[in-house]
1. Only sites in a loop by DSSP and with at most 16 other Cβ atoms within 10 Å count here; which chymotrypsin sites (Phe, Trp or Tyr not before Pro) in the range 160-268 make the cut?
2. Give the aspartates and glutamates reachable from residue 29 as a straight Cα distance under 14 Å; neighbours fewer than 8 places away on the same chain don't count.
3. May I ask you to derive the relative contact order of the chain, considering only C-alpha pairs under 8 Å and at least 6 residues apart, and to give it as an integer percent?
4. Determine by what factor the alpha-carbon radius of gyration of the range 312-400 differs from 2.2 N^0.38 Å, reporting the quotient.
5. Pick out which of 360, 318, 150 has the largest mean-square fluctuation in a Gaussian network model of the chain, springs linking Cα atoms closer than 10 Å.
6. Once you place label points 7 Å from the Cα toward the Cβ at residue 221 and residue 253, how far apart are they in nm?
7. Projected onto the charge dipole of the range 82-169 (+1 at Lys/Arg Cβ, -1 at Asp/Glu Cβ, origin at the Cα centre), which of 116, 165, 137 gives the Cα projection farthest towards the positive end?
8. Is there a pair in 35/85; 43/95; 83/123; 45/123 whose C-alpha atoms are over 22 Å apart, and which pairs would that be?
Amino acid sequence: KVSRREIQRMRVEIWTAWREAVNENEEFKLAKMDKDTVVSAGKWKLPPELENNAVMNFTLFNKGKKPLTGYPLFLYLHGSGPKEKEYARGLELTKGFNDAPSVYFVPQIPNEGGYYRWWQRAKIYAWERLLRLAMVSGDYNPDKIYIVGISEGAYGTQRLTSYFADYLAGGGAMAGGEPLKNAPAVNCANTAFSLITGSYDAGFYRNTLTGYTAEAFDELAQGKDSMYMHRIELIPGKGHSIDYSTTTPWLSQFTRDPYPKYVSWENFPVDGCYRKGFHNLYVNEPSHVTKDGRTYYEEKIVGDTIILNVDTVAYETIQKDSIWGIDMKFKRNLAPAQHGNITIFLNRSLVNLSRPITVILNGNVVHHGKVPESLASMVNSCAYYGDPRRIYTAQVDVKW
């Protein structure tokens, strides 16, 4: 156990130890943003067991003077044309976006070929390392990290924004449109999302799927006190080429809330990869039983009461196109999870830890009583999330 007066000192000590361990042991590196003008080119060799012969070239550059709270960080994902050309075009575009002060991480996709995507597992490995390095660097504001992308990069952006939503202030997809099963909109509570597509951009039904995404976000935003902040538009008279310059200025106005009292998380697989934790929830044992199953967690904190509903998720396709076989529209079916094991991490921004805490799981009270603050909670949450804002001081473990 730790006393309240010890917490801040211990938080600093834990984060310092974590930062030193990452800097010593992480093979990937980021250049320091220690000058007003920094342009750094590098390359990361991705693990061969995830993808053979995958070397990700990238450029890291800043715009403007570093704010006291650290730079906003944008990950930019290019389109699916020849990778050298798309990479060069991406650098040209991002340098011109009106979002200074900012830093851009602009990667070149490692390989090319049929059905080769930004969201496949080797790339997810890279994005996990990017987030980890950005958090420990001291150069970036951990509450102002964004993903943006164009065309094929838009598909990657939409999936990855849903997947990594708890780390992000926002995501911006341009000239894209994913089926919602691939990027559940429910995950973007507290994370700003932008999707702009030309109204004539019918390739792979991008305009139609953008419309479905708008409908989903509009419905989610009703009654949720504007937690689903979104800008989803079909640009009149435009095809696949649109004005890309409006997305990052819109996103820049949003800052992540690291301690939301409403969490909505569909733990879905991306190329077979699952998240272990999301916001203040950490999964010790998933509730779904199939290898590609999904579990939905909805958490509401009202005063000192935590209301948690956990359901398994099944999608029913209600519209499929007749040309490509794309599943276009779905019915999302939920059923109360029959088993599971999760940790609910807590701090004094979420609940009053001086008072008894009540946890209600799927309608049943599973905990009522004081929750002690402990070194174990602080160390484990630091290791799980690698996030200076998520060093939680207490936890409730729930198994059913």
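1. Details: sites: 163, 164, 167, 193, 200, 204, 205, 212, 217, 228, 244, 250, 254, 262, 265; in loops: 164, 200, 228, 244, 254.
The qualifying sites are 200.
2. Qualifying aspartates and glutamates at Cα under 14 Å: 20, 128, 139.
3. Values: 863 pairs, mean separation 52.1, N = 400.
Dividing the mean separation by the residue count of the chain yields 13 percent.
4. Numbers: Rg = 19.3 Å, N = 89, 2.2 N^0.38 = 12.1 Å.
My calculation over the Cα atoms of the range 312-400 gives 1.59.
5. 318
6. 1.2 nm
7. Of the listed residues, the answer is 116.
8. On the way: 35/85 29 Å; 43/95 20 Å; 83/123 15 Å; 45/123 11 Å.
From 35/85; 43/95; 83/123; 45/123, over 22 Å: 35/85.
The values are calculated or read from the model by the stated rules, or taken from the named source; none is laboratory data. Since this is a predicted model, take the numbers as computed values, not measurements. Methodologically, a virtual Cβ is constructed for each residue, glycine included, from the backbone with ideal geometry; neighbour enumeration extends over all protein chains shown. Keep in mind that these areas ignore ligands, DNA and RNA; they rest on the heavy atoms of the full protein, side chains included. Shrake-Rupley method; radii C 1.70, N 1.55, O 1.52, S 1.80 Å.
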